[in-house]
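The values are calculated or read from the model by the stated rules, or taken from the named source; none is laboratory data. Not measured: the values here are computed from a predicted model. Cβ sites come from the backbone with ideal geometry, for glycine too, and all protein chains shown count toward neighbours.
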Amino acid sequence: MVITEAEAERVLRAVGLRRHGGEVCRGTINGRPAEAVLSMAGIYENLRPVVGRMLAPIRGLLRDVPAVIGVEVIEDGIFLTGGVTSFSAEWLRWRGT
C-alpha cells in the first residue's frame, strides 16, 4: 500500500497517543484507493529503527556528558523538541529505545 506523507503523519500522531488496538490507514494499491487496519504492534515494530536513529545522538551526548552536567540532567531532566516529543516516554520505554 502506498500512503501520502500527510496520512503517514496522521498515523504517527495517533501512535503517540495510544498503545493498543489498530489504526485505519488510507492509501492506494495499484493506483486504486484502499484502506487497511494497521496494528499498533506492527506500527511500533516498523518505527523502532527510526526512533532508534533519532535517539542515537541523544544517547551519545548523554554518554559523553561531564559528571557535573550529568548530575543536573539526573536532577532536572532534559527537554526534547521535535519529532521525538510526540512519542510518550512510556512508549519509548516499552519499545526499549
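The figures follow:
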item	result
Filtered residue count, the range 1-33, keeping only those that are more than 28 Å from V73 (Cα to Cα) and in contact with a Ser or Thr (Cβ under 6 Å, 6 or more places away or on another chain)	2
Filter result for V68 (exposed (fewer than 10 other Cβ atoms within 10 Å of the Cβ) and either modelled with pLDDT of 85 or more or of a type in the set (F, W, Y) (or both))	yes
Matching entry among R63, R26, R32 (being closer than 20 Å to R10 by Cβ, of a type outside the set (G, A, S) and modelled with pLDDT of 85 or more)	R26
Scope the range 35-55; condition among the aliphatic types (A, V, I, L, M) and modelled with pLDDT of 85 or more; matching residues	A36, V37
